[in-house]
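Colleague: Have a look at the structure that comes next, please.
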Amino acid sequence: MIKKKISRRNLFKAGAGVALGSGMITGFPAVHAGEEKVLRYLGTAVNQADAISKKLFDDTGIKIEYISATTDDVTKRVITQPNSFDILDTEYFSLKKLVPSGNILGLDAKKIKEFDNITPIFTKGELPSGKKIGDQGTAPKKVMFLEAADSTTFAKEPTQWVTLIPTVYNADTLGIRPDLIKRPITSWAELLNPEFKGKASILNIPSIGIMDAAMVVEAIGKYKYPDKGNMTKEEIDMTMAVMTEAKKSGQFRAFWKDFNESVNLMSSGETVIQSMWSPAVTKVRSMGIACTFQPLKEGYRSWASGFCVSKATTGPKLDIAYEFVNWFLSGFAGAYLNRQGYYSAVLPTAKAAMEPYEWAYWMDGKPAEKDIKAPDGTLLEKAGAVRDGGSYDDRMGNVACWNAVMDENDYMVRKWNEFIAA
Amino acid sequence: MMFIFAVFFILPLCFVVIVSFWDYNEYEMIPSFTTRGYYESFEGCLTKLPELCTMLATYVKTVKLCLIVWLFTFLIGFTVAYFLAFHVRSKTWQIALSLLCTIPFWTSNVIRMIAWIPLLGRNGLVNNGLIDLGITQQPVEWLLYSEFSICLALVHLFTFFMIVPIFNSMMRIDRRLLEAAYDAGASDWQTLWNIIIPLCKPGIVIGSIFVITIVMGDFITIGVMGGQQVAAAGKIIETRLNALQFPAAAANAVMLLGITFLIIVMLNRLVDIRKEL
């Protein structure tokens with residue numbers, strides 16, 4: 001052991017010598033090379049924008065190496081290769097799988113500068129105005145805190161140890177083609193309306209699709225779940241039976257799994273009503289095709305994601321991770337996300353980084369004073385347009401449930417396969 | 001060679017079989033012996049009779065798709081190979097035309113899939129054509145996201161795997177045999193049936209193995225062209241994997257492997273490839 005230490009020290013010296021030598025030749029200080037701040041960032045491509053990593057590097061000198069994968073593959077990677085990343089960008093519902101595996105580090109809330117400014121949706125399940133919102137499913141407050149830094153069980157009350165620092169969230173609903181439907185749509189029940197036979201679609205991701213199915217079952221008045229996000233086996237059977245019957249009668253044109261598939265289905269007119277994600281609606285609209293992210297009376301299905309840190313991240317690397325998370329909540333990134341139609345977890349800093357007219361359109365639900373542009377400068381809406389669903393309080397205030405991993409997840413996945421095969 | 005085979009094929013396969021007998025929970029595999037991965041897969045197969053359970057229905061559908069695709073790739077592949085081998089005289093043309101057959105592989109899988117929508121979709125070329133010609137009033141819905149579109153895409157993709165081995169077999173046929181048959185007064189059909197087909201058997205079997213193994217395991221093409229609404233054996237494995245249920249996925253993989261292996265053994269019974277080569 002001792003011998004090894006000595007040899008390693010010698011190696012360091014030699015390395016420093018070389019670095020110093022090269023520094024003298026090129027004129028750059030050699031210390032820089034040793035201090036390069038790099039973070040490996042694993043997540044879906046949704047939040048991995050070049051504009052964000054560039055600004056981050058300019059502000060803090062942290063270099064981000066993006067590793068992008070699908071939602072399912074991200075989870076797989078955390079379970080099987082926890083050493084392959086430092087920062088993880090994932091959704092709250094995945095935590096039910098990730099935290100018990102012991103591969104996630106509890107973060108110290110005291111080191112997060114804006115922690116007290118994080119919207120109470122996450123910490124208490126209510127709007128900043130104090131209004132309680134729906135918490136069926138894996139609502140963030142249920143899985144946000146750990147009992148201790150190295151614990152693998154969730155705390156019931158807020159503690160100092162945080163599983164996932166929220167960054168972005170939204171309220172999802174059905175997307176429709178108003179030009180082809182030609183009448184108002186107000187309920188999730190319309191998804192199974194025979195009027196749209198062969199023109200409807202849902203997601204083929206069980207954790208999300210089952211929630212949409214549950215919204216429909218409640219909307220048609222068939223059943224009221226005690227908790228949609230945690231069904232019993234009988235409830236799963238009943239929900240899938242309703243969907244199977246619809247599938248057999250040819251209600252669905254196709255199921256989609258990938259963002260672009262949903263855009264294609266909608267823009268080509270193959271479907272006129274389907275579950276959808278906000279940026280997909282924006283994309284269809286930017287093609288010049290009418291598409292509405294339709295608010296419905298039963299409410300929204302919500303989701304939220306944020307940053308975890310791998311258990312393998314320690315020492316100086318962990319400090320860099322904290323620095324990165326703090327930077328992300330400091331305004332630029334939040335404003336960037338808000339301009340895409342998502343919501344930032346820390347609203348005051350995002351507000352400071354946005355123009356007042358942008359804030360009025362995206363957050364207050366007011367008619368746009370000027371043309372609304374995406375972060376990359378493409379025109380999204382002309383002046384005068386109003387956001388679908390209106391203000392932040394109208395949209396997030398009407399959340400009915402959250403994407404979920406249920407206790408009976410294994411059974412649900414099997415039933416989902418049965419549904420696909422039916 | 002044996003070493004590579006052992007490390008990259010036999011060993012992983014053993015792992016799959018071992019894991020298929022493990023237990024699992026939401027986030028990890030538990031290395032204890034259980035047949036849960038298997039019996040849960042066959043849930044309802046006895047109680048639901050005479051209705052088919054998920055597993056049987058899925059396999060019936062997969063095998064059915066497989067047979068249809070095999071039949072069409074064989075008919076088209078054989079015809080194309082016959083044309084290339086016996087009607088195209090010059091080597092240059094044979095090579096040029098064979099290369100044309102690879103065109104479906106020039107684009108990525110995803111682009112090829114998306115390209116079917118403007119063609120077969122509700123407002124696609126085919127439907128618009130049919131309506132303009134007055135053949136139908138309403139767009140035809142079964143052109144896309146149906147078994148028809150799956151078969152079409154698979155045949156389009158994999159006919160090439162039939163053409164190559166059959167063409168190869170045909171080129172080995174001694175032309176003097178054909179001339180002898182002609183001199184003996186055999187008609188074209190008799191020559192085809194009694195000389196060419198028997199001598200092409202190894203090519204046909206090899207092509208069939210390619211097509212059957214690919215189609216049995218496919219879930220991407222079936223997923224995209226079937227609008228994710230058509231079950232496939234591979235699709236079940238994928239869903240299980242995505243839910244982190246590795247042992248259940250492994251159990252399904254072992255079953256799929258077994259069934260595909262059985263089909264190949266049966267084909268081998270028909271023709272002893274090793275002897276024929």
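Colleague: Take B:L56 and decide whether it is outside any helix (DSSP H, G or I) and within 12 Å of chain A (Cβ to nearest Cβ).
Modeller: It is false that B:L56 is outside any helix (DSSP H, G or I) and within 12 Å of chain A (Cβ to nearest Cβ).
Colleague: Another question, then. Which members of region B:143-177 meet the condition of being among the hydroxyl-bearing types (S, T, Y) and farther than 18 Å from B:Q94 by Cα?
Modeller: B:Y145, B:S146, B:S149
Colleague: Quick one: how many residues across region A:115-135 are in contact with a helix residue (DSSP H, G or I) (Cβ under 7 Å, 6 or more places away or on another chain) and surrounded by fewer than 19 Cβ atoms within 10 Å (Cβ to Cβ)?
Modeller: Looking only at that region, the number is 8.
Colleague: Within the group A:A139, A:A149, A:A214, which residue is under 26 Å from A:Q48 (Cα atoms) and more than 14 Å from every other protein chain (Cβ to nearest Cβ)?
Modeller: From the options A:A139, A:A149, A:A214, the qualifying one is A:A139.
Colleague: Name the single residue, out of those in region A:199-226 being assigned to a loop (DSSP other than H, G, I, E, B) and either of a type in the set (V, I, T) or not assigned by TED's automatic domain parsing to the domain that holds A:G250 (or both), that is modelled with the lowest pLDDT.
Modeller: Among residues in region A:199-226 that are assigned to a loop (DSSP other than H, G, I, E, B) and either of a type in the set (V, I, T) or not assigned by TED's automatic domain parsing to the domain that holds A:G250 (or both), the one modelled with the lowest pLDDT is A:I205.
Colleague: Separate question: Among what's in region A:391-422 and is assigned to a loop (DSSP other than H, G, I, E, B) and open to solvent by less than 10 Å² (accessible area, probe 1.4 Å), pick the residue that is farthest from the other protein chains (Cβ to nearest Cβ).
Modeller: A:G397
Colleague: Being touching a helix residue (DSSP H, G or I) at 6+ places or on another chain (Cβ under 7 Å), of a type in the set (V, I, T), in a helix (DSSP H, G or I) and farther than 15 Å from B:D218 by Cβ is the filter here, so list the residues in region B:234-275 that pass it.
Modeller: B:V254, B:I264, B:I273
Colleague: Could I ask something else about it? Is it true that some residue in region B:145-160 is outside any loop (DSSP other than H, G, I, E, B), within 14 Å of chain A (Cβ to nearest Cβ) and of a type in the set (V, I, T)?
Modeller: Checked against the condition, which is being outside any loop (DSSP other than H, G, I, E, B), within 14 Å of chain A (Cβ to nearest Cβ) and of a type in the set (V, I, T), region B:145-160 yields at least one hit.
Colleague: Right, here's the next one. Inspect all residues belonging to region B:18-31 and state whether any of them is β-branched (V, I, T), in a helix (DSSP H, G or I) and under 30 Å from B:I150 (Cα atoms).
Modeller: The answer is no, given that none of the residues of region B:18-31 is β-branched (V, I, T), in a helix (DSSP H, G or I) and under 30 Å from B:I150 (Cα atoms).
Colleague: Still on this model: State yes or no: is A:D364 part of a loop (DSSP other than H, G, I, E, B), more than 30 Å from A:L56 (Cβ to Cβ) and either open to solvent by 20 Å² or more (accessible area, probe 1.4 Å) or hydrophobic (A, V, I, L, M, F, W, C) (or both)?
Modeller: Considered against the rule, which asks whether it is part of a loop (DSSP other than H, G, I, E, B), more than 30 Å from A:L56 (Cβ to Cβ) and either open to solvent by 20 Å² or more (accessible area, probe 1.4 Å) or hydrophobic (A, V, I, L, M, F, W, C) (or both), A:D364 comes out as no.
Colleague: Moving to a separate point now. Would you please name the residue that is nearest to the other protein chains (Cβ to nearest Cβ), looking only at residues in region A:258-271 that are of a type outside the set (S, T, N, Q) and crowded, with 20+ Cβ neighbours inside 10 Å?
Modeller: Once the filter is applied, the top-ranked residue is A:E270.
Colleague: Would you mind finding the one in A:D376, A:D371 that is closer than 28 Å to A:A51 by Cα, open to solvent by 10 Å² or more (accessible area, probe 1.4 Å), touching a strand residue (DSSP E or B) at 6+ places or on another chain (Cβ under 8 Å) and more than 14 Å from chain B (Cβ to nearest Cβ)? Break it down stepwise before answering.
Modeller: Working: A:D376 fails: touching a strand residue (DSSP E or B) at 6+ places or on another chain (Cβ under 8 Å).
Just a single option satisfies the conditions, and that option is A:D371.
Colleague: Is there any pair with a first residue in region B:147-176 that is open to solvent by 20 Å² or more (accessible area, probe 1.4 Å) and a second that is of a type outside the set (V, I, T) and not in a helix (DSSP H, G or I) whose Cβ atoms are under 8 Å apart and which are 6 or more apart or on different chains, and what are they?
Modeller: Qualifying pairs under 8 Å: B:E147/B:G226; B:F160/B:C101.
Colleague: Please pick out the residue among A:T167, A:T138, A:T186, A:T152 that is in contact with a Phe, Trp or Tyr (Cβ under 9 Å, 6 or more places away or on another chain), in a loop (DSSP other than H, G, I, E, B) and either open to solvent by 40 Å² or more (accessible area, probe 1.4 Å) or among the β-branched types (V, I, T) (or both).
Modeller: Values: A:T167 fails: in a loop (DSSP other than H, G, I, E, B); A:T186 fails: in contact with a Phe, Trp or Tyr (Cβ under 9 Å, 6 or more places away or on another chain); A:T152 fails: in contact with a Phe, Trp or Tyr (Cβ under 9 Å, 6 or more places away or on another chain).
Selected residue: A:T138, the only one of A:T167, A:T138, A:T186, A:T152 that is in contact with a Phe, Trp or Tyr (Cβ under 9 Å, 6 or more places away or on another chain), in a loop (DSSP other than H, G, I, E, B) and either open to solvent by 40 Å² or more (accessible area, probe 1.4 Å) or among the β-branched types (V, I, T) (or both).
Colleague: Moving to a separate point now. Name the residues in region B:82-134 that are open to solvent by 90 Å² or more (accessible area, probe 1.4 Å), at pLDDT below 85 and hydrophobic (A, V, I, L, M, F, W, C), would you? Talk me through it step by step, then tell me what you get.
Modeller: Step one: of region B:82-134, the residues open to solvent by 90 Å² or more (accessible area, probe 1.4 Å) are B:83, B:87, B:89, B:91-93, B:95, B:99-100, B:106, B:110-111, B:123, B:125, B:132-133.
Filter again for at pLDDT below 85, leaving B:89, B:106, B:110-111, B:123.
B:W106, B:V110, B:I111 - these are the residues of region B:82-134 that are open to solvent by 90 Å² or more (accessible area, probe 1.4 Å), at pLDDT below 85 and hydrophobic (A, V, I, L, M, F, W, C).
Colleague: Before we move on, is A:Q340 assigned by TED's automatic domain parsing to the domain that holds A:V217 and either buried (at least 21 other Cβ atoms within 10 Å of the Cβ) or within 16 Å of the chain's Cα centre (by Cα) (or both)? Let's see the steps before the verdict.
Modeller: Details: assigned by TED's automatic domain parsing to the domain that holds A:V217: no; either buried (at least 21 other Cβ atoms within 10 Å of the Cβ) or within 16 Å of the chain's Cα centre (by Cα) (or both): yes.
Against the criterion (assigned by TED's automatic domain parsing to the domain that holds A:V217 and either buried (at least 21 other Cβ atoms within 10 Å of the Cβ) or within 16 Å of the chain's Cα centre (by Cα) (or both)), A:Q340 does not qualify.
Colleague: Picking from B:A186, B:A231, which residue would you name as being more than 14 Å from chain A (Cβ to nearest Cβ) and not in a helix (DSSP H, G or I)?
Modeller: Values: B:A231 fails: more than 14 Å from chain A (Cβ to nearest Cβ).
Going through B:A186, B:A231 in turn, the sole match is B:A186.
Colleague: Mind checking whether some residue in region B:37-51 is polar (S, T, N, Q), open to solvent by 40 Å² or more (accessible area, probe 1.4 Å), within 14 Å of chain A (Cβ to nearest Cβ) and within 22 Å of B:V224 (Cα to Cα)?
Modeller: no
Colleague: Another question about this same structure. Return a yes/no flag: does region B:223-232 have any residue that is at pLDDT below 90 and polar (S, T, N, Q).
Modeller: yes
Colleague: Just name the residue that is nearest to the other protein chains (Cβ to nearest Cβ) out of those in region A:57-74 that are open to solvent by 40 Å² or more (accessible area, probe 1.4 Å), of a type outside the set (G, A, S) and part of a strand (DSSP E or B).
Modeller: A:Y66
Colleague: Here is a list of conditions, (1) in contact (Cβ under 8 Å) with a residue 40 or more places away in the chain; (2) surrounded by 20 or more Cβ atoms within 10 Å (Cβ to Cβ), and A:Y225 meets all of them except one; can you say which number that is?
Modeller: Condition (2) is where A:Y225 drops out.
The values are calculated or read from the model by the stated rules, or taken from the named source; none is laboratory data. Because the structure is a prediction, the values reported are computed rather than measured. Heads up, the Cβs are rebuilt from the backbone with ideal geometry, glycines too, and the neighbour counts pull from every protein chain shown. Areas reflect the complete protein model, heavy atoms only, side chains present, ligands, DNA and RNA absent. Shrake-Rupley method; radii C 1.70, N 1.55, O 1.52, S 1.80 Å.
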